[in-house]
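Working notes, structure below.
The values are calculated or read from the model by the stated rules, or taken from the named source; none is laboratory data. Note that the coordinates shown come from a computational prediction; the quantities given were computed from them, not determined experimentally. A quick note on method: Cβ atoms are made from the backbone with ideal geometry, for glycine too, and the neighbour counts reach across all protein chains shown. Heads up: the accessible areas ignore ligands, DNA and RNA and are worked out on the full protein's heavy atoms, side chains in. Shrake-Rupley method; radii C 1.70, N 1.55, O 1.52, S 1.80 Å.
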Amino acid sequence: YGNARDSAQALGRLQEAMNAAEKAVQMAERADDPVQLNIALNRLGHTLVALNALQKAIPVFERAAALDVAIQHPAGKAGSYRGLSKTYRKLRNLERATENAVKAVAVMEAAIQKKNVTREKRRQRDMGGPRETKRARGREHTYVQVLIEAGTLQLALGQWDPARESFQKALEVGSRIDVSPRMAQAHIGLGQVGVKQGEWPTAATHLEMAIQLDAGPGPTATAQHWLGRAYRSMGKLPEAERVLRQLAHAA
């Protein structure tokens, strides 16, 4: 039923997706499996969001978040908070959106710290293996994503220091696991914080790095826009003109 929901939603058959998602929830309830119930509820929540039934999605994601699955399935627990964050964002309630994004960060951070301790103990006993490393990379990739989501919301609320911290952590983890698109997003976020706080040289450095990473037309255009602002504020008008002309040409 979960796969049927995914297929139907991908095809835009939202009512079919809703029916399948509800059946998946019912089956997970009968199986008394909190991890599968969390997954099913998250799917149902996202289908409700796609149907723009935002007020109905909130209690679904809240129920999923309340399930005690953080140890077994941290990405699912974090996904429930991310679902709430997305829903509140669509409702233009940035405070609640940010609050839930930060909760998602905390879940992933705790899971990674716990696994790092376990992995270190295994390494010392020479029991580590590539499978655990692959799992750890998956967790860290999710962690980077939720950090960027939190940073973006904090930036929108003018919470400069928390936003900087979120983007800086995302950059550090993204560099460690070598995910260039996320690194570019983190650099853009740090550049935006720099521009907002009048730290022009720092902002320019981050935005130049984002452009070099070439994460695609969208992120590059965003970086060019903010870099043009930084150069202009620094009095580097020829550089500002150059980068803004590049942006206009790409458009």
Query raised in the report: Out of the residues in the stretch 89-113 that are touching a Pro at 6+ places or on another chain (Cβ under 9 Å) and not β-branched (Val, Ile, Thr), which is most open to solvent (accessible area, probe 1.4 Å)?
Result: 110
Report task. Return a yes/no flag: does the stretch 64-87 have any residue that is among the aromatic types (Phe, Trp, Tyr) and within 17 Å of the chain's Cα centre (by Cα). Result -> yes
Query raised in the report: Restricting attention to the stretch 183-197, does a residue exist that is charged (D, E, K, R), touching a residue at least 40 places away in the same chain (Cβ under 8 Å) and open to solvent by 70 Å² or more (accessible area, probe 1.4 Å)?
Result: yes
Query raised in the report: Hey, among 227, 247, which residue is over 20 Å from the mean Cα position of the chain (by Cα), open to solvent by less than 50 Å² (accessible area, probe 1.4 Å), modelled with pLDDT of 95 or more and under 21 Å from residue 152 (Cβ atoms)?
Result: 227
Query - Hits in the stretch 1-19 (condition: crowded, with 23+ Cβ neighbours inside 10 Å and among the aliphatic types (A, V, I, L, M)) - result: 17
Report task. Sort out which residues of the stretch 194-210 are closer than 20 Å to residue 145 by Cβ and either within 18 Å of the chain's Cα centre (by Cα) or not in a helix (DSSP H, G or I) (or both), and write them in order of number. Result -> 210
**Report entry** Every residue from the stretch 72-99 that is free of Cβ contacts under 8 Å to residues at least 24 places away in the same chain, of a type outside the set (Asp, Glu) and either closer than 13 Å to residue 147 by Cα or not in a helix (DSSP H, G or I) (or both)
**Finding:** 92, 93
Query raised in the report: Is there any pair with a first residue in the stretch 31-48 that is modelled with pLDDT of 95 or more and a second that is open to solvent by 20 Å² or more (accessible area, probe 1.4 Å) and among the charged types (D, E, K, R) whose Cβ atoms are under 6 Å apart and which are 6 or more apart or on different chains, and what are they?
Result: 41/63; 43/5; 48/56
Requested in this report: Please work out which one of (1) open to solvent by 40 Å² or more (accessible area, probe 1.4 Å); (2) over 22 Å from residue 153 (Cα atoms); (3) modelled with pLDDT under 95 is the condition residue 208 fails and give its number.
Outcome: (3)
Query raised in the report: Identify, please: which residue in the stretch 211-224 is of a type outside the set (A, V, I, L, M) and buried (at least 16 other Cβ atoms within 10 Å of the Cβ) and is, among those, nearest to the chain's Cα centre (by Cα)?
Result: 219
Query raised in the report: Which of the following residues is open to solvent by less than 50 Å² (accessible area, probe 1.4 Å), touching a Phe, Trp or Tyr at 6+ places or on another chain (Cβ under 9 Å) and within 23 Å of residue 113 (Cα to Cα): 70, 65, 40?
Result: 65
Report summary line: Those residues of the stretch 40-59 that are touching a Leu at 6+ places or on another chain (Cβ under 9 Å) and in a helix (DSSP H, G or I) come to a total of 10
